[in-house]
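*Asks:* Quick one: this structure, given as structure tokens, is what I'll be asking you about.
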Amino acid sequence: MRALSFPGLLHRRPARFRLTVIYTGLFLVAGALLLAATYGLVASSLPTSAGKMTGAAVSASYPGLRPCEASSPAAAGRQTCKEAAAVAMQRIADAGVRGARAQTLSHLLSYSLAGLAVMAVLAAFLGWVVAGRILRPVHAITAAARLASEDNLSQRIGLPGPEDELKELADTFDEMLARLESAFASQRRFVANASHELRTPLTVMRTAIDVTLAKPRRTPEQLEAMAVDVRRAVEQAESLIEALLTLARSDRGLGPRSSFDMAVLAEDALDAVTSAAQGKRLTVRSELRPGAAAGDPVLAERLVTNLIGNAVRHNTPDGWIHVTTGCIDGMAFISVANSGPVVPDAAVPFLFEPFYRLAQGSGTEENDGAGLGLSIAESVVAAHRGHVSARPVPQGGLEVTAMLPAR
């Protein structure tokens, strides 16, 4: 059994001890007030004197006073004797009443104080028990917090009981653990995928170099082919690193804020992909109405570039692209729709996951990209407190709409 020493008790359960002291103190204050009220009511109801006594009343009540009649034949003398006896008896009666009143009040105070002391001890014990029951959910939350770590976030409290503040706190803590578990799992997947994606171009470069160096007689054409392969792998790694840096920057929040126009950014991005669009014989249509917004122009430019770049990369030969910008309901928007492979409705939520690729693709790793375009778009939009959505085009392809707060 634990020792209930005061210092140890205070050190182990300070909140429980304080609650017990508060409960006991409130009981003592309420008990003292009740005792004072009871004492005052009893004291005011008890008489302080026996009442006025007349000589006739004394003679009738106490036959022993009749010698006054025999002691003096004169009526005046007998009356004086009776009055003197009445005064003496009045004093005796008053003293008796006061003594009885004092004894009654003394007994009342003694018994009440003793009862209050006993009830105070009982109140302290019950307060200790009740405080422990009240704080039990807090101990469960503390235990779950101690068990939680980066590698073990599956611990849940699951507090039963009525829907009160403590259960709400426990449920909120469980929800927080679930969000943290999901975030850490997503982070681990992201790191694993990023490592794999970064390792791929390095493997390509090493393979190209090893194959070329393994040949006993290397011709200039072979060295040039190796250089082309290495250059392509370097560009792929550079693009991936740039995308990762952009994603990390947008996750940290906005940089310097300024005004920009979504229409201008879309026009610049369309000019940048003109050559690639012509290579696939894509029909490009644009409705670029002014869409003034405020935020980080570098991230916004990356957002627009990624959306239009994805529309070209994941398109089919002789396909089409439709880009629209403008303002609606206080939001500046850009909508990019394109033809391409059929996108299942169930796959749309996963398109914003890092490194996610559809099974249907162009067939080449270069064209399929790293799978970070829509992830970056979602992160940039979230940093601007906007929202982004995607929906499949029935004939094949995808339409993505990003909305940022208007200026």
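*Asks:* When a/c is below 1.5 the answer is rounded, else prolate if a/b is larger than b/c, else oblate, so apply that to the stretch 217-315 with a ≥ b ≥ c taken from the square roots of the Cα gyration tensor eigenvalues.
*Replies:* Oblate, since a/c reaches 1.5 and b/c is not below a/b.
*Asks:* Residue 36 versus residue 83, label points 7 Å from Cα toward the beta carbon: distance in nm?
*Replies:* Each label point is offset 7 Å from its Cα along the Cβ direction, giving 4.7 nm.
*Asks:* Between residue 125 and residue 22, what length in nm is gained on full extension when 0.36 nm per residue of separation is reduced by their alpha carbon distance?
*Replies:* Net length gain for the segment: 35.8 nm.
*Asks:* I need two numbers for the stretch 255-407: Rg to one decimal and Dmax as a whole number, Cα atoms only, in Å.
*Replies:* For the stretch 255-407, the Cα radius of gyration and maximum Cα-Cα distance read 14.5, 42 Å.
*Asks:* Another question, then. Among 302, 217, 156, what is the fewest-to-most ranking by other Cβ atoms within 10 Å?
*Replies:* Going from sparsest to densest Cβ surroundings: 217, 156, 302.
*Asks:* OK, next. Grab the Cα-Cα distance for residue 176 and residue 215, subtract it from 0.36 nm times how many residues apart they are, and report the gain in nm with one decimal.
*Replies:* Working: separation 39, 0.36 × 39 = 14.04 nm, distance 5.86 nm.
Separation in residues times 0.36 nm, less the Cα-Cα distance, equals 8.2 nm.
*Asks:* Ok, one more. Among 153, 169, what is the fewest-to-most ranking by other Cβ atoms within 10 Å?
*Replies:* Fewest to most other Cβ atoms nearby, the residues stand as 169, 153.
*Asks:* Using 7 Å Cα-to-Cβ label points, what is the residue 155/residue 46 separation (nm, one decimal)?
*Replies:* 6.2 nm
*Asks:* If you put +1 on each Lys and Arg Cβ and -1 on each Asp and Glu Cβ, how big is the dipole of the stretch 255-407 around its Cα centre, in Debye rounded to 20?
*Replies:* Computed charge dipole of the stretch 255-407: roughly 160 debye.
*Asks:* Separate question: If I model a spin label at residue 395 and residue 195 as a point 7 Å from the Cα along the Cα→Cβ vector, what separation in nanometres do I get?
*Replies:* 4.5 nm
*Asks:* Something else now. What is the ratio of the Cα radius of gyration of the stretch 278-344 to 2.2 N^0.38 Å, with N the residue count, to two decimals?
*Replies:* Numbers: Rg = 13.2 Å, N = 67, 2.2 N^0.38 = 10.9 Å.
Dividing the Cα Rg of the stretch 278-344 by 2.2 N^0.38 Å gives 1.22.
*Asks:* For 92, 334, 376, what's the fewest-to-most ordering of other Cβ within 10 Å of each Cβ? Please report the intermediate quantities before stating the final value.
*Replies:* Details: 92 12, 334 28, 376 25.
Fewest-to-most ranking of 92, 334, 376: 92, 376, 334.
*Asks:* Bin by bin, in steps of 5 Å, what percent of the Cα pairs in the stretch 168-220 do you find, going until the bin that has the longest distance?
*Replies:* With 5 Å bins starting at 0, P(r) equals 4, 16, 11, 11, 9, 8, 8, 7, 6, 5, 4, 3, 3, 2, 1, 0.
Any read-out appearing in this document is the output of simple, stated calculations on the displayed coordinates, not a laboratory observation. Computed from a predicted structure; not experimentally measured. Cβ coordinates were reconstructed from backbone atoms using ideal geometry, including for glycine residues, and neighbour counts include every protein chain displayed.
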